[in-house]
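What follows is a single structure, written as structure tokens, with notes after it.
The values are calculated or read from the model by the stated rules, or taken from the named source; none is laboratory data. None of these values were measured; they are calculated from a predicted model. Quick reminder, even Gly has a Cβ in these numbers, built from the backbone with ideal geometry, and neighbours come from all protein chains shown. To get the accessible areas, we keep the full protein, side chains included, count just its heavy atoms, and leave off ligands, DNA and RNA. Shrake-Rupley method; radii C 1.70, N 1.55, O 1.52, S 1.80 Å.
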Amino acid sequence: MEEKEKFMRAALRRAQRGLERGEVPVGAVIVHEGKVVAGGYNRRTATQKAGSHAEMYAIDRACKKFNSWRLPECDLYVTLEPCPMCMGAALNARVRKIYFGAYEQKGRSMTMELATSNLLNHTLEVEGGVLEEECSALLTGFFRDMRNKTRERQAEEPPQG
């Protein structure tokens, strides 16, 4: 197994933890010198905070571990292409490279532009599609189940009027 697949599987395990808690199943890990040093999963439902994304938790925990806001020798593995907020946090933390699994269909070009913009004082490498099918399947299943539950609830409700 390739190293990047090994670490994406670690991110998938965190996404599964989020799924078990009713969260959108996105997981992330920070890797330093071939070892996972921090991780996180989405917690927006539990915290009701917009910034409770998997990447934010992983970055914050790694910063705490290294007692530094800079992570220049660290890579971020995340099961879904980062949103602009999370890409900004990775850039601010000086992460070296981001590996992600599933492609985000909305806002992708802006996120990638942030990573490589010569207008910023830091750029980073990005590689997408790592275990893409597994990462996508987890998300697709979650949203399909959510839609089905919504339909079931609507079918059980008495008609208004």
Notebook entry, point to check: Just one of (1) 15.8, 49; (2) 16.8, 63; (3) 17.9, 59 is Rg and Dmax of the Cα atoms in Å as worked out from the coordinates here. Which one is it?
Noted result: (2)
Checklist line | Heavy-atom surface of the chain, accessible at 1.4 Å and reported per residue (Å²) | finding: 59
Check: Between residue 160 and residue 147, what is the spin-label point distance in nm, taking each point 7 Å from the Cα along the Cα→C-beta axis?
Finding: 2.2
Check: Can you pull the percent of the stretch 51-161's accessible area that's carbon plus sulfur, 1.4 Å probe, other chains left in place?
Finding: 50
Notebook entry, point to check: 222 nm [θ] for the chain, helices only, -39500 (n - 2.57) per DSSP H run of 4+, per residue, to 500?
Noted result: -15500 deg cm²/dmol
Next item on the list: Have a look at 114, 12, 80 and tell me which one the Gaussian network model of the chain (Cα, springs below 10 Å) gives the largest fluctuation.
Entry: 114
Check: Taking springs between alpha-carbon atoms closer than 10 angstrom, which of 72, 82, 25 fluctuates most in the Gaussian network model of the chain?
Finding: 72
Checklist line | Fully extended contour minus Cα-Cα distance, from residue 119 to residue 64, at 0.36 nm per residue | finding: 17.0 nm
Check: Given +1 on the Cβ of Lys and Arg, -1 on the Cβ of Asp and Glu, and no further charges, what dipole in debye does the chain carry about its Cα centre, rounded to the nearest 20?
Finding: 580
Note to self: Within the stretch 72-101, list the residues whose amide N lies under 11 Å from a label point set 7 Å along Cα→Cβ of residue 132.
What the structure shows: 101
Notebook entry, point to check: Whose amide H sits under 5 Å from the amide H of residue 39, counting only residues 5 or more places off or on another chain, with H placed in the peptide plane?
Noted result: 30
Notebook entry, point to check: DSSP loop trypsin sites (Lys or Arg not before Pro) in the stretch 91-161 with at most 13 other Cβ atoms within 10 Å of their Cβ, which ones?
Noted result: 106
Item checked: Residue with peak Gaussian network fluctuation, the chain [Cα springs, cutoff 10 Å], from 119, 76, 139 -> 119
Notebook entry, point to check: Given the C-alpha centroids of the stretch 1-34 and the stretch 72-89, what is the distance between them in whole angstrom?
Noted result: 12
